[in-house]
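Below: the structure, in structure tokens.
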Amino acid sequence: MTSDKKNISLLTDLFVRSGLSNIVISPGSRNAPIIISFANRKGIKAFSIVDERSAAFFALGIALNTQKTTAIACTSGSAVLNYASAISEAFYQKLPLLILTADRPSNLIDIGDGQTIRQNNVFANYVKKSYQLPLNIDTEDEFKSAKIIINEALYECNNPQPGPVHINIPFDEPIYGTTEEQITGNLIDNNKKPIVISQNKIKEIAKKFSESEKIMIIVGQMRPDSKLSNILSKLSERSNTIVLTETTSNVFNGAFIDTIDNVVSTIDNKDIESFKPEIVISFGGQVVSKMIKKFLRNNKPNKHWHISPSGEKMDTYFSLTEALETDEVTFLNSLEKKLVPINSNFKNIWLDRRNRIDVRKSEYLSKCEYSDLNVFDVILSNLPKDSILHLGNSTPVRYSQLFGSKENIEYNSNRGVSGIDGQISTAAGYTYYSSKLNVLITGDLGFFYDSNGLMNKYLSPNLKIIVINNSGGGIFRFIPGPDTTPNLEEFFEAKHRYKAEFICKAFDVDYIKAHTLDDLKTILPNFMNKKMVLP
């Protein structure tokens with residue numbers, strides 16, 4: 001059974017033919033044809049989540065895990081706008097979402113008809129492409145137009161880099177009609193062609209790389225990739241090359257600097273020339289560290305190449321020489337083959353400083369009183385191998401950078417636009433297709449803000465949520481500025497007395513509380529084996 005609306009029947013068919021299977025649907029009436037077509041189609045897993053914002057972040061988590069396009073679908077009107085936060089995160093984190101929004105026919109827009117807004121192209125600034133399907137596909141030309149639109153949209157979701165794509169779909173009434181006749185179409189050959197950077201360009205960069213005594217490679221947010229780890233490890237053996245990573249970079253090697261702020265915070269004026277790179281190569285998503293951004297913006301390298309398959313000119317450090325339109329593994333492997341040896345102490349300068357700071361950090365933690373810092377130390381030290389760690393924004397993701405990466409732990413965080421919304425929902429979506437232990441560490445405001453993420457019948461027992469409840473946004477006591485105003489507690493920190501206990505009871509989620517560090521150490525082993533929230 002499918003909807004008798006041919007436009008959505010065709011879309012459903014091509015969705016399945018493309019090898020896709022996941023769609024997260026929020027209830028409504030105008031999207032009835034979408035529900036009927038997708039929820040009843042063999043090979044499709046349709047999720048039903050009421051809150052559109054939570055639904056979109058749940059889908060984002062699925063896309064993050066599966067690395068395949070995940071669809072979201074809602075009714076018309078304000079429901080559409082509730083997708084905006086997750087769509088912007090998907091855009092900047094480069095995750096493939098297919099946004100399907102039901103709409104009324106164009107003649108009913110802006111005439112006072114109910115539940116209508118201007119939906120066509122509504123996400124223009126935060127999607128790769130926007131499309132609108134024809135209202136009817138009764139003629140050969142209409143069918144051809146719809147087929148091209150759908151094929152292009154499915155292709156754009158992943159090429160040359162993933163991202164969200166919007167299809168607005170108008171339906172006229174009646175909207176609940178069904179048929180056994182499935183409208184079918186063929187996939188257009190849109191196979192991605194590999195982007196090959198010229199050998200002359202590689203030789204040019206390799207020459208500069210080999211001649212320079214100070215090379216810095218900066219890795220932003222990435223998915224785990226063993227090939228990338230291998231080539232970065234090989235490059236890090238060079239005495240002139242230091243590799244800077246973060247936990248969310250998901251690459252691990254003892255020769256990488258994965259606690260950037262710990263090191264950069266100790267660089268004073270007399271050290272600058274020793275630590276300043278001549279050449280920077282960057283790739284990946286957002287970098288958490290504000291300190292490395294400030295350091296490189298104030299002490300610009302001579303050359304900065306950013307690697308991006310889409311040719312994105314990511315001038316994070318205000319010194320971009322060129323965007324290299326290729327993928328990082330292909331480029332770095334080609335580059336490494338053309339490098340010649342060079343003697344330099346640049347890598348050792350960075351590693352020696354890192355090692356000294358690590359000793360001081362351990363000494364400090366051994367004496368530190370009960371606080372966020374030693375709570376994080378205990379939690380991170382007790383994470384089982386092969387766990388997935390989801391980090392809330394503001395303090396949780398920043399604290400993780402102070403402790404660095406653990407081998408065999410995967411780190412996820414919504415660092416595309418770094419919002420606190422959707423943290424529970426994203427982790428829940430990711431965990432649905434994960435057999436591993438998934439742990440979300442979030443602040444209290446992030447937890448309460450996305451508490452609707454618990455209104456979800458797809459929560460997996462291997463998802464554990466740890467809430468660091470400081471009764472407000474603790475980040476605003478760290479960053480300079482808020483404490484100089486009379487508005488710190490009410491407007492910046494949003495001081496409160498809320499507890500997570502009764503929210504958990506409402507959604508049938510187990511709850512336990514740690515009052516002290518000893519409580520935490522006692523509770524953690526059992527907590528990791530139960531479905532519960534730990535504040």
Item checked: Identity of the residue in the range 291-322, modelled with pLDDT under 95 and more than 20 Å from Asp225 (Cβ to Cβ), that ends up surrounded by the most Cβ atoms within 10 Å (Cβ to Cβ) -> Gly311
Check: How many residues does the range 260-295 contain that are over 27 Å from Leu95 (Cβ atoms) and either in contact with a strand residue (DSSP E or B) (Cβ under 8 Å, 6 or more places away or on another chain) or of a type in the set (Val, Ile, Thr) (or both)?
Finding: 8
Margin query: Residues that are in contact (Cβ under 8 Å) with a residue 24 or more places away in the chain, closer than 24 Å to Tyr126 by Cα and in the same structural domain as Leu95 (by TED's automatic domain parsing): list the helices (runs of 4 or more DSSP H) wholly contained in the range 28-84 that include at least 3 such residues.
Written below: 52-66, 78-81
Notebook entry, point to check: Would a scan of the range 439-452 turn up a residue that is buried (at least 23 other Cβ atoms within 10 Å of the Cβ) and under 17 Å from Ala63 (Cα atoms)?
Noted result: no
Next item on the list: May I ask you to list the residues in the range 136-168 that are among the hydrophobic types (A, V, I, L, M, F, W, C) and within 11 Å of Lys6 (Cα to Cα)?
Entry: Ile137, Phe143, Ala146
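Residues are listed down the side, and each one gets a yes or a no for (1) closer than 19 Å to Asp421 by Cβ; (2) modelled with pLDDT of 95 or more; (3) surrounded by fewer than 24 Cβ atoms within 10 Å (Cβ to Cβ); (4) over 20 Å from the mean Cα position of the chain (by Cα):
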position	(1), (2), (3), (4)
Ile49	yes, yes, no, yes
Ala55	yes, yes, no, no
Thr66	no, yes, yes, no
Thr69	no, yes, no, no
Gly77	no, no, yes, yes
Ser85	yes, yes, yes, no
Leu97	yes, yes, no, no
Note to self: Suppose we keep only residues that are assigned to a loop (DSSP other than H, G, I, E, B), over 24 Å from the mean Cα position of the chain (by Cα) and among the β-branched types (Val, Ile, Thr) within the range 323-382. Which one would you say is surrounded by the fewest Cβ atoms within 10 Å (Cβ to Cβ)?
What the structure shows: Val340
Notebook entry, point to check: Out of Ser21, Ser76, Ser85, which single residue is hydroxyl-bearing (Ser, Thr, Tyr), in contact with a Lys or Arg (Cβ under 8 Å, 6 or more places away or on another chain) and within 20 Å of Gln132 (Cβ to Cβ)?
Noted result: Ser76
Checklist line | Number of positions in the range 209-234 that are farther than 16 Å from Gly285 by Cβ, among the hydrophobic types (A, V, I, L, M, F, W, C) and surrounded by fewer than 22 Cβ atoms within 10 Å (Cβ to Cβ) | finding: 1
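Any residue that is of a type in the set (Lys, Arg) and closer than 23 Å to Lys521 by Cβ - is there at least one of those in the range 415-422? Explain how you work it out, then say what you get.
Applying the first criterion (of a type in the set (Lys, Arg)) to the range 415-422 yields 415.
Still in the running and closer than 23 Å to Lys521 by Cβ: none.
Looking for residues that are of a type in the set (Lys, Arg) and closer than 23 Å to Lys521 by Cβ, one finds none in the range 415-422, hence no.
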Notebook entry, point to check: Only one of (1) more than 31 Å from the chain's Cα centre (by Cα); (2) assigned to a helix (DSSP H, G or I) is not met by Lys147, so which one is it?
Noted result: (1)
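So how many residues does the range 101-144 have that are in a helix (DSSP H, G or I) and within 34 Å of the chain's Cα centre (by Cα)?
So the first thing to find is which residues in the range 101-144 are in a helix (DSSP H, G or I), and the list is 106-108, 124-126, 140-144.
Add one more test, that the residue is within 34 Å of the chain's Cα centre (by Cα), and what stays is 124-126.
Adding up the residues that qualify gives 3.
The values are calculated or read from the model by the stated rules, or taken from the named source; none is laboratory data. Since the structure is predicted, the reported quantities are computational estimates derived from the model, not experimental observations. So basically every Cβ, Gly included, is an ideal-geometry build from the backbone, and we count neighbours across all protein chains shown.
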